[in-house]
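Only the coordinates and a few stated rules stand behind these numbers; no lab work does. Bear in mind that the values here come from a model prediction, so they are computed numbers and not experimental data. Here the Cβ positions follow ideal geometry from the backbone for every residue, glycine too, while neighbour counts run over all protein chains shown.
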Amino acid sequence: MGNNESGMFDRPQDGVKKFGQDNKKQDEATVEQMAIVLGLHKHGKEPVTNLRGDRKQIEIDGITYEVTQFVNRGGFGQVYKAQDRKRNRAVALKIMSNKIGMQDEIKSEIHFLRLIKNIDIDNHPVIEYYACKFTRENIFIAMELASCDLLSFWFHNTIRTDTQQKFIFGLIIIIYVLRALIFLEKLNIIHGDIKPQNLVIVQNSQRFYLKLIDFGTVEKMNTKCAQITVDASKAYTVYFASPEFLHRDSNHIISRHLHKKSDAWAAGVMFYVLFFGKVPWKDEHDYENFCNDSHARDIIVPREGGYKSIIELLLKKNPDERSSAKATYLQMKGHPTLGPIIKSFQQHFCSVDDVCYMRIPDNVRDELAKLPRSRHSVSGSSSSVGKSTLGSRRPCRYGRDCYRKDFEHRKEFSHPGDSDYPVSTDHTEKPKCRYGADCYRTDYEHRKKYSHPADSDHDHTGKPKCRYGKACYDKSLEHLRRFSHPNDSAKEKCRYGSACYKTNDPEHMARFSHD
């Protein structure tokens with residue numbers, strides 16, 4: 001990432017100006033327009049077949065569901081549209097063959113879906129489960145009805161859009177996919193099969209919501225570990241499976257690893273497929289070579305569309321260097337270009353910050369910890385597998401503030417005072433932020449964990465210096481109160497302070513400070 005004017009993320013260049021005061025209103029108008037269109041528009045023609053001549057009725061938990069339309073056929077069964085006659089609502093009814101071993105897997109998935117319904121959050125990012133029924137021949141699951149999957153949604157809604165609209169629409173997709181993944185990260189859950197077909201669009205009250213489906217591959221992470229090794233027979237989708245999952249050891253034996261950021265990798269591939277219409281590799285063989293070549297470079301994402309740096313954060317081959325969904329979102333939110341756009345998303349669609357700070361009830365945490373897992377072992381990270389000597393430990397990000405004294409943590413991480421703890425050159429024990437001077441996160445939690453080039457570059461008031469210095473064009477009161485500038489110390493203090501009404505007057509702002 002460079003330090004050019006465009007910063008961390010580039011805008012599309014085909015006739016679209018860089019974001020600034022001139023086109024801020026245009027962006028906001030585009031967001032508002034798309035919110036209306038997406039809320040009212042039927043997203044394509046559903047692949048349905050009417051069953052009016054032979055409607056079937058299925059009773060589940062005392063509720064009669066009248067099957068009306070065939071919707072789709074998946075790998076495990078068929079999906080129908082049905083009418084809940086008791087609540088007078090349309091639902092999706094999934095019908096599968098009751099094969100050997102299938103029942104336990106389905107019960108585990110249903111238990112998970114029931115658990116997360118207890119998390120109090122508006123516009124839940126996971127499809128809602130209603131009821132289930134097992135017979136000797138079939139398994140019936142009633143759930144929330146979706147309009148279409150993300151793949152159909154994207155291509156149908158971008159056919160006749162201009163560059164500006166397509167850029168905004170792409171950001172909407174990115175932000176609300178990240179919201180769904182942040183929700184899972186907060187639960188220490190790996191979905192394990194993130195792809196466009198497993199994210200669906202649900203319409204409600206003239207708005208659209210993006211939700212996750214298909215939790216048959218879900219894995220519960222140990223909160224103390226970054227990576228787990230799962231059964232070799234675990235289901236996956238090529239290209240969306242992360243490099244650590246497909247990596248072979250020196251004996252060419254695959255040991256399936258899932259990292260806490262494996263879903264973030266899959267999201268990066270998914271965005272690449274949606275925005276560029278292809279995968280980053282020639283074929284499956286090329287991708288497997290990429291996964292097993294220790295010298296393979298990270299994917300270079302095209303600049304087309306303006307999503308390059310966002311996707312590259314997620315497509316780091318080394319999971320320890322890969323950005324999580326939450327870290328990616330917070331970088332985007334703190335960016336001077338994308339921040340205002342994301343703020344308007346939350347006004348016209350639904351909140352994203354709510355998943356970052358949601359509270360998980362203790363009983364839900366306890367039950368999630370009991371979820372059945374694949375046969376697996378745990379490890380600290382992909383780069384530390386098989387290392388047990390003290391010399392191979394990584395520095396703990398919390399330094400002297402770390403409160404963990406358990407053997408497992410101390411075995412993997414070094415702390416201030418340990419012989420293998422690296423001595424920082426910037427007079428701080430905190431590890432350096434991967435984004436350096438390009439980091440846009442100013443929240444206390446992030447700044448406490450990581451050091452930044454500007455950490456020791458504050459003025460007498462304690463405010464960080466504005467990266468643009470004398471060249472800064474942002475004269476808003478909010479910006480000036482947040483950052484110091486080269487001539488701040490020479491300014492007189494405005495008698496009106498924050499109540500001053502001349503904050504739009506450049507001459508006044510150049511003469512007076514408004515702390």
task: Name the shape class, rounded, prolate or oblate, that the alpha-carbon gyration tensor gives for the stretch 62-204, where a ≥ b ≥ c are the square roots of its eigenvalues, rounded holds for a/c under 1.5, and otherwise prolate holds if a/b is larger than b/c and oblate otherwise.
output: prolate
query: residue 87 versus residue 133, label points 7 Å from Cα toward the beta carbon: distance in nm?
result: 1.6
- prompt: Which value results when the Cα radius of gyration for the stretch 242-308 is divided by 2.2 N^0.38 Å?
  reply: 1.19
- line: Each label sits 7 Å from Cα toward the beta-carbon; between residue 351 and residue 61 the label points are separated, in nm, by 2.7
message: Cut-off is 10 Å between beta-carbons; in what order do 448, 317 appear when sorted fewest neighbours first?
response: 448, 317
field: Part-to-part distance (alpha-carbon centres) for the stretch 119-147 and the stretch 263-294, which is given in Å
entry: 31
field: Scattering curve values for the stretch 49-145, log₁₀ I(q)/I(0), Debye with Cα scatterers, q = 0.15, 0.24 Å⁻¹
entry: -0.62, -1.39
task: Could you please tell me the mean projected area of the C-alpha convex hull for the stretch 127-251, averaged over all directions and given in square nanometres to one decimal?
output: 11.9
task: Taking every Cα atom in the stretch 280-319, find the radius of gyration and the maximum pairwise distance Dmax, and write them in Å.
output: 11.0, 30
- prompt: Between residue 98 and residue 294, what FRET efficiency follows from the Cβ-Cβ distance if R0 is 35 Å, with the result rounded to 0.05?
  reply: 0.20
- prompt: Quick one: 73, 511, fewest Cβ neighbours within 10 Å first, how do they rank?
  reply: 73, 511
- request: Against the globular-protein guess of 2.2 N^0.38 Å, express the Cα radius of gyration of the stretch 192-306 as a ratio, rounded to two decimals.
  value: 1.18
Formal net charge of residues neighbouring residue 243 (Cβ-Cβ distance under 14 Å; K, R +1; D, E -1): -3
query: Assuming a viscosity of 0.692 mPa s and a temperature of 37 °C, what translational diffusion coefficient in µm² per second does Stokes-Einstein assign to the stretch 173-245, Rh being the Kirkwood radius over Cα pairs?
result: 240
- prompt: Which value in nm describes the separation of the simple spin-label points at residue 409 and residue 158, placed 7 Å from the Cα toward the beta carbon?
  reply: 4.3
Which of 63, 201 has the fewest Cβ neighbours within 10 Å, and the rest in rising order: 63, 201
